[in-house]
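Some notes on the structure that comes next.
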């Protein structure tokens, strides 16, 4: 149960600080500084959480990462289900905290949807959105599997590498889809936005669930082949 609580807390913190930063600075291409700040916010959360809850749950705080670990044989189906439920609940709770802060404080949400994802950057193209999310998640999960592989012996640097990789994929992805690579991170804000009266994020939410899961599954399969003792 402790690892599920850890995943709940970690995902809530990711949404509060990552999406919260996006809400404050916006994601306008004309003001590229907002891209960097948001990318850093998401990356730094991963670093902070990796060194605080990593020893408890592994700090997945992302259903796509959990799927990659499951396929790689690093967790049971039971734990996978428990992790995903905890992560989704954490994301919803985090988005709820943002709603309370921005609503009661009368703070302008520069993203218009609690930091939820969308397809505006790819001209509402579902295909392009799926490709972006699958590719970026593939890169992210490959990095995680590689740096956490016991044979890699990266030790205490793993959290930093993972955080920097998430920052990297955000730098490209923010202007295209807002960068999900995390179904829970997309689900929580989209639901809270709908409750607040903006149902637009729900219309393309499936893209940010399917894309990351496909990318994570491919990453796990490719890594298993590449890291196999029989691989040459």
(request) Would you mind stating whether residue 175 is within 26 Å of residue 13 (Cβ to Cβ) and modelled with pLDDT under 95? (result) yes
(message) Could you list, ordered by first residue, the pairs with Cβ atoms under 9 Å in which the first is in the range 163-192 and touching a residue at least 12 places away in the same chain (Cβ under 8 Å) and on the phi > 0 side of the Ramachandran plot and the second is surrounded by fewer than 21 Cβ atoms within 10 Å (Cβ to Cβ) and in a helix (DSSP H, G or I), at least 6 apart or interchain?
(response) 178/120; 178/121; 179/171; 179/172; 181/139
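One line per residue, one yes/no per condition, for (1) surrounded by 18 or more Cβ atoms within 10 Å (Cβ to Cβ); (2) under 14 Å from the mean Cα position of the chain (by Cα):
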residue: 198; (1), (2): no, no
residue: 201; (1), (2): yes, no
residue: 210; (1), (2): no, yes
residue: 215; (1), (2): yes, yes
residue: 218; (1), (2): yes, no
residue: 228; (1), (2): no, no
(request) Could you check residue 71 against (1) within 15 Å of the chain's Cα centre (by Cα); (2) farther than 23 Å from residue 117 by Cβ and say which number it fails? (result) (1)
(message) With the requirement that a residue be crowded, with 20+ Cβ neighbours inside 10 Å, modelled with pLDDT of 95 or more and either part of a loop (DSSP other than H, G, I, E, B) or within 16 Å of the chain's Cα centre (by Cα) (or both), what does the range 93-112 give you?
(response) 94, 95
(request) May I ask you to verify whether residue 81 is under 18 Å from the mean Cα position of the chain (by Cα), modelled with pLDDT of 95 or more, in a helix (DSSP H, G or I) and closer than 24 Å to residue 196 by Cβ? (result) no
(request) Hey, can you tell me all the residues within the range 149-162 that are without any contact (Cβ under 8 Å) to a residue 60 or more places away in the chain and on the phi < 0 side of the Ramachandran plot? (result) 150, 152, 154, 156, 157, 161
(request) Looking at (1) without any contact (Cβ under 8 Å) to a residue 12 or more places away in the chain; (2) assigned to a helix (DSSP H, G or I); (3) more than 15 Å from residue 184 (Cβ to Cβ), find the lone condition where residue 47 falls short. (result) (1)
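The values are calculated or read from the model by the stated rules, or taken from the named source; none is laboratory data. Everything numeric in this text was worked out from a predicted model, so none of it was measured. Glycine gets a Cβ as well: all are built from the backbone with ideal geometry, and neighbour counts include every protein chain shown.
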